[in-house]
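Rule-based calculations on the coordinates, nothing more; no lab input. Since the model is a prediction, treat every value here as computed from it, not as a measurement. Glycine also receives a Cβ, built like all others from the backbone with ideal geometry; neighbour counts cover every protein chain displayed.
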Amino acid sequence: MQQNWNVLSTHSVPESQRAAYWIDAICSTYVLLDCEPSDELPLFGDIQSSRLGILDFTHLRSNVKRVRRTERQINKGGDDYCMVQIQREGKSAVIQDGRTAVVNPGDFVLYESTRPYELILGESGHDVFVMRVPRAQLEAHVCNLEELTATTVSGGDAAGHLLSIIVETLVLDIDKLQPSSTVGVSDAITNVVAAGLRGLPGANVRKPSTLQAYHIARVKAYVLDNLRDPELTIHSVARAMKMSPDHLSRLFRAESVPLSRMIWRMRLEGCRRDLTDPRLAERGISHVAFSWGFNNATHFSRSFRDEYGVSPREWRDSNCQHATSSRSWKGQALRSEATA
């Protein structure tokens with residue numbers, strides 16, 4: 001089955017209900033947010049979304065002028081996501097971590113869900129692509145992410161230009177993309193995003209201890225290479241790195257999560273990705289879990305639900321139905337527009 005768009009739009013919603021509808025739409029698509037509509041124009045908004053491997057890919061058009069993510073919303077919990085916004089039309093300003101990025105058509109910018117941010121958008125309307133990617137996946141390619149938020153990657157740079165071309169092509173051809181290809185496509189997009197971010201000045205900021213950064217990079221590389229090994233633990237990593245477990249733990253105090261939680265998250269994300277891969281549809285859930293280093297099916301299921309809010313079975317079943325249900329969504333949206 002092929003990939004299709006899910007569509008959420010204010011087009012067929014009464015004007016008096018549009019603000020509430022749009023808040024629900026963006027919160028369910030991205031993370032909990034507040035938004036401020038234009039005072040002068042009737043609110044409009046349209047989100048087309050599709051899942052591509054590890055990426056949740058959206059095409060958003062709206063005239064909402066301001067979007068905020070607050071500490072209150074962050075404290076309610078949720079996943080640790082990176083948002084990559086590619087400006088297609090209009091102009092945006094992205095504010096996070098004390099920085100403000102002005103984003104023009106063709107540029108892209110990164111912001112993260114675990115810290116407050118604000119988007120200031122052109123009132124006359126804006127058109128953007130937004131990709132939501134688990135932080136652990138992008139962090140595997142780019143260090144120092146907190147120094148790279150709210151910093152524009154120019155569409156004139158090689159990586160920025162290439163990302164725009166890939167995304168524009170994807171939008172045109174997404175209906176032709178086979179599910180078996182989605183993981184490869186999402187990985188390729190993630191690599192291009194990472195290449196653009198690595199070219200930013202913040203990616204080259206010297207840390208207080210170059211030696212510490214070197215050891216952290218060594219540890220992360222070792223973990224990635226051995227993630228499927230059920231014997232991978234803090235103690236086994238420490239032995240391989242020829243350092244004590246206490247020293248290893250101290251190294252990761254400045255990181256966003258402890259090493260043990262990083263391993264756990266990366267394994268869960270690997271399972272989540274495999275459970276949506278049609279090539280692995282015949283593999284049992286326990287088999288998938290064990291292939292990523294888990295050794296207890298009950299503990300895995302509980303951990304998966306704690307992280308993603310659904311059981312592994314519910315996640316797999318919902319994604320197996322995704323292509324079929326998205327065809328229905330698309331048909332309903334087209335009929336609604338035709339009769340509006």
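By per-residue mean of other Cβ atoms within 10 Å, what is the highest-first order of 63-73, 106-116? Let's see the in-between values first.
Numbers: 63-73: 16.6, 106-116: 21.5.
Result, highest mean Cβ count within 10 Å first: 106-116, 63-73.
Could you pull out every one of the aspartates and glutamates with an alpha carbon less than 19 Å from that of LYS76, ignoring same-chain neighbours closer than 8 positions?
ASP24, ASP34, GLU112, GLU118, ASP306, GLU307
Would you please give the residues with an amide H less than 5 Å from that of LEU52, counting only those at least 5 places away or on a separate chain, with H modeled from the backbone geometry?
Result for LEU52 returns PHE57.
Could you tell me the center-to-center distance, by alpha carbons, between segment 87-117 and segment 284-318 in angstrom?
34
How would the chain be classified by its alpha-carbon gyration tensor: rounded, prolate or oblate, with rounded meaning a/c under 1.5 and the a/b versus b/c comparison settling the rest?
Numbers: a/c = 1.91, a/b = 1.34, b/c = 1.42.
Note, shape of the chain comes out oblate.
Output wanted: per-residue J couplings in Hz (rounded whole) for segment 65-70, from phi through Karplus 6.51 cos²θ - 1.76 cosθ + 1.60, θ = phi - 60°, x for Gly and Pro.
Whole-Hz 3J(HN,Hα) from phi for segment 65-70: 9, 8, 10, 10, 10, 9.
Roughly speaking, what is the centre-to-centre gap between segment 241-269 and segment 36-60 when only Cα atoms are used, to the nearest Å?
First find each Cα centre; the distance between them is then 36 Å.
So who's got an amide H within less than 5 Å of the one on TYR117, skipping anything under 5 residues away but keeping other chains? H placed 1.01 Å off N, in plane.
Amide H neighbours of TYR117: ARG69.
Quick query: amide H of THR151 versus all other amide H atoms, modeled in the peptide plane; which residues come in under 5 Å with a sequence gap of 5 or more or a different chain?
LEU110
Rounded, prolate or oblate: which fits segment 210-320 when a ≥ b ≥ c are the square roots of the eigenvalues of the alpha-carbon gyration tensor, with rounded for a/c under 1.5 and prolate only if a/b beats b/c? Intermediate values should be presented prior to the final figure.
Values: a/c = 2.46, a/b = 2.24, b/c = 1.10.
Here segment 210-320 falls in the prolate category.
Answer with one residue from HIS161, LEU200, SER9: the one whose Cα lies farthest towards the positive end of the charge dipole of the chain, charges on Cβ with Lys, Arg +1 and Asp, Glu -1.
LEU200
If you take the square roots of the eigenvalues of the alpha-carbon gyration tensor of segment 98-220 and sort them as a ≥ b ≥ c, do you get rounded (a/c under 1.5), prolate (a/b over b/c) or oblate? Can you show the working numbers first?
Values: a/c = 2.02, a/b = 1.28, b/c = 1.57.
Oblate, since a/c reaches 1.5 and b/c is not below a/b.
How large is the helix-only mean residue ellipticity at 222 nm for the chain, computed as the sum of -39500 (n - 2.57) over DSSP H runs with n ≥ 4, divided by its residue count, in deg cm²/dmol to the nearest 500?
Values: 13 runs with 152 residues, N = 340.
Calculated at 222 nm, the ellipticity per residue is -14000 deg cm²/dmol.
In debye to the nearest 20, how big a dipole does the chain give about its Cα centre with +1 on each Lys and Arg Cβ and -1 on each Asp and Glu Cβ?
On the way: 40 positive and 40 negative charges, 208 e Å.
For the chain, the charge dipole is close to 1000 debye.
Mind listing the phi-derived Karplus ³J(HN,Hα) values for segment 243-258, rounded to whole Hz, using 6.51, -1.76 and 1.60 with θ = phi - 60°, and x for any glycine or proline?
For segment 243-258, the Karplus curve yields 9, 7, x, 5, 5, 4, 5, 5, 4, 9, 5, 7, 7, 5, 9, x Hz.
If you take the charge dipole of the chain about its Cα centre, with +1 on Lys and Arg Cβ and -1 on Asp and Glu Cβ, which of GLY125, SER28, SER291 is farthest toward its positive end?
SER291
Treating only the Cβ atoms of Lys and Arg (+1) and Asp and Glu (-1) as charged, compute the dipole magnitude of segment 210-320 about its Cα centre; round to the nearest 20 debye. Present the calculation step by step, with values, prior to reporting the outcome.
On the way: 18 positive and 13 negative charges, 50 e Å.
My answer is approximately 240 debye.
For segment 1-155, what is the charge dipole size about the Cα centre, in debye to the nearest 20, if Lys and Arg each add +1 at the Cβ and Asp and Glu each add -1 at the Cβ? Intermediate values should be presented prior to the final figure.
Working: 15 positive and 21 negative charges, 33 e Å.
Using only the charged Cβ atoms, the result is roughly 160 debye.
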